[in-house]
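All remarks here apply to the structure that follows.
The values are calculated or read from the model by the stated rules, or taken from the named source; none is laboratory data. Quantities reported herein were computed from a predicted structural model and do not represent experimental measurements. Ideal geometry is used to build each Cβ from the backbone, glycine not excepted, and the neighbour counts take in all protein chains shown. Calculation scope for accessible area: heavy atoms of the full protein, side chains included, ligands and nucleic acids excluded. Shrake-Rupley method; radii C 1.70, N 1.55, O 1.52, S 1.80 Å.
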Amino acid sequence: MASGQQWVLVEMVQAFYEAPAYHLILEGILILWIIRLLFSKTYKLHETYKLTEREKEDLIEEWQPDLLVPLISKDHPSLKYNIVSGPPSHKIIVNGKECINFASFNFLGLLDSERVKEKALMSLKKYGVGTCGPRGFYGTFDVHLELENRLAKFMKTEEAIIYSYGFATMASAIPAYSKRGDMIFVDEAACFSIQKGLQASRSFIKYFKHNDMEDLERLLKEQEVEDQKNPRKARVTRKFIVVEGMYINTADICPLPELVKLKYRYKVRIFLEESMSFGVLGEHGKGVTEHFGVNIDDIDLISANMENAVASIGGFCCGRSFVIDHQRLSGQGYCFSASLPPMLAAAAIEALNIMEEDPGIFIVLREKCKHVYKALQGIPGLKLVGEPFAPALHLQLEKSSGSRSSDMQQLRSIVDYCLERKVALTLAQYLEKEERFLTPPSIRVVVTVKQKDDDIQKAVSCIREAASVLLK
């Protein structure tokens, strides 16, 4: 054993002498570098300077935290509320002054209906004020199920689901179906609740020009080409078109028949938001599908709030049962919010009863809309935006000053002028930093069945007078 080790040592010495000089030099440098790395410090200690107590106190006094929110003047218009006392029906009391109401979305005048109020009061006495729980935790009342059945029957769909807050309806429905990696094609004039739903879905969003079907088809064709490049991904990517029946920001309607053709041509799903068209369009107030005579089964999901024509609170979605049932498990506003107060559900049911019993009310509303639309034409300095049958029209400045704040101020002065003369209008408000596509400033003029010809004439005369005085 010892002789073997001695022989190995002899071989190592012999190899050392036979090795080239450059090889020995290189190995020597490597050995020295390894020794240096082993014994050198990996970092240098920086000299620290200890602050005195006085210096610490001075630094603390000088430090100013960033503002949590930007400074807002106390004179900002949004902080000046017009106080309403009493029901916002045909007449509304604003700041102690009775005015003709052209501001509230009480399209069918049901807010002050004695039948609706009686049913709500009976429900209040039976169930109490609220529910104190979401639908899955003792928040499902028999009146909720009745309302869902009535809505499904009214819209001629398999099933309906109700939410306790109108804004949360579409904002919850979109992310319930469209997830990360899916594709949504949406009109650039879409309302804010749709925008929040898109944001929550984390899907890929492609905006098309407002009501421009050629632009939408261009985007669909581009996506079709992308799908052909990666068919495996295309098979698992869901695609949606999201539009409003009647757009709240532009007061016009979507070209639904053309959208349905594109749906089947490019194999996408359609989500339709009908808050402004439900209870307004169609022979029986069923919305834009009835208005165009489109089969409601061609629409994958219909959503609307119950805060306009129905004059209650909350919203609903309707469609096929397997589509609606999915929201009961994944609709955030449905799963995590306290359910709709029973008295408001009872009020909505009675409102549906009135709508079914008296379909003539929709004819009256359309005639009122046409009357107001015609009367508002040709006001100097103002441009009318919207369809003749839209119950919420927009008056924009004919010539912008180039400054949004200046335009808003001019329009606000017209609203204030009319309010002083007992005509209640409203300035359309937007979260300017949040909106994807910000529409021009406008005065919104809301039409209801309760407005009389004299009321319309007074309001139009007042707006015309304000424009001639203030828009010089």
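A few comments on the model shown:
- Tally of residues being crowded, with 17+ Cβ neighbours inside 10 Å and either touching a helix residue (DSSP H, G or I) at 6+ places or on another chain (Cβ under 8 Å) or farther than 10 Å from residue 251 by Cβ (or both) across segment 370-386: 9
- Pairs where the first residue, in segment 70-87, is open to solvent by less than 90 Å² (accessible area, probe 1.4 Å) and the second is modelled with pLDDT of 80 or more, C-beta under 6 Å, 6+ apart: 84/94; 85/93; 86/93; 87/112
- Output for segment 200-245, where each listed residue is closer than 21 Å to residue 170 by Cβ and among the β-branched types (Val, Ile, Thr): 205, 241, 242, 243
- Candidates 409, 396 - the one that is in contact with a helix residue (DSSP H, G or I) (Cβ under 9 Å, 6 or more places away or on another chain) and crowded, with 17+ Cβ neighbours inside 10 Å: 396
- Taken together, the criteria place residue 351 among residues that are within 26 Å of residue 456 (Cβ to Cβ), modelled with pLDDT of 95 or more, assigned by the TED database to the domain that holds residue 285 and not polar (S, T, N, Q).
- Residue in segment 305-322 that is farther than 30 Å from residue 437 by Cα, touching a residue at least 24 places away in the same chain (Cβ under 8 Å) and either crowded, with 23+ Cβ neighbours inside 10 Å or not charged (D, E, K, R) (or both) present: yes
- Residue in segment 335-342 that is within 26 Å of residue 114 (Cβ to Cβ) and open to solvent by 40 Å² or more (accessible area, probe 1.4 Å) present: no
- Among residues of segment 225-256, those that are in a helix (DSSP H, G or I) and exposed (fewer than 14 other Cβ atoms within 10 Å of the Cβ), counted: 9
- Residue pairs whose Cβ atoms lie under 6 Å apart, sitting 6 or more positions apart in sequence or on different chains, and linking a residue in segment 188-217 that is assigned to a helix (DSSP H, G or I) to a partner that is open to solvent by 20 Å² or more (accessible area, probe 1.4 Å) and charged (D, E, K, R), are 195/436; 213/258; 215/209.
- Pair list, Cβ under 9 Å, 6 or more apart: segment 352-365 residue without any contact (Cβ under 8 Å) to a residue 24 or more places away in the chain, other residue of a type in the set (Asp, Glu) and open to solvent by 20 Å² or more (accessible area, probe 1.4 Å): 363/283
- Residues that are more than 18 Å from residue 406 (Cα to Cα) and of a type in the set (Asp, Glu) within segment 65-84 comprise just one, 66.
- If you filter segment 370-410 down to residues that are in contact (Cβ under 8 Å) with a residue 60 or more places away in the chain, assigned to a loop (DSSP other than H, G, I, E, B) and not small (Gly, Ala, Ser), you find that the one that is farthest from residue 291 (Cα to Cα) is 380.
- Every residue from segment 153-197 that is open to solvent by 10 Å² or more (accessible area, probe 1.4 Å) and closer than 21 Å to residue 298 by Cβ: 153, 156, 157, 158, 159, 177, 183
- Selected residue [touching a residue at least 60 places away in the same chain (Cβ under 8 Å) and either assigned by the TED database to the domain that holds residue 450 or open to solvent by 70 Å² or more (accessible area, probe 1.4 Å) (or both)] from 98, 61, 114: 98
- Candidate set: segment 426-472, residues that are open to solvent by 20 Å² or more (accessible area, probe 1.4 Å) and aliphatic (A, V, I, L, M); chosen: the one modelled with the highest pLDDT: 449
- Any hit, segment 325-333, residues being farther than 19 Å from residue 245 by Cβ, assigned by the TED database to the domain that holds residue 253 and part of a loop (DSSP other than H, G, I, E, B): yes
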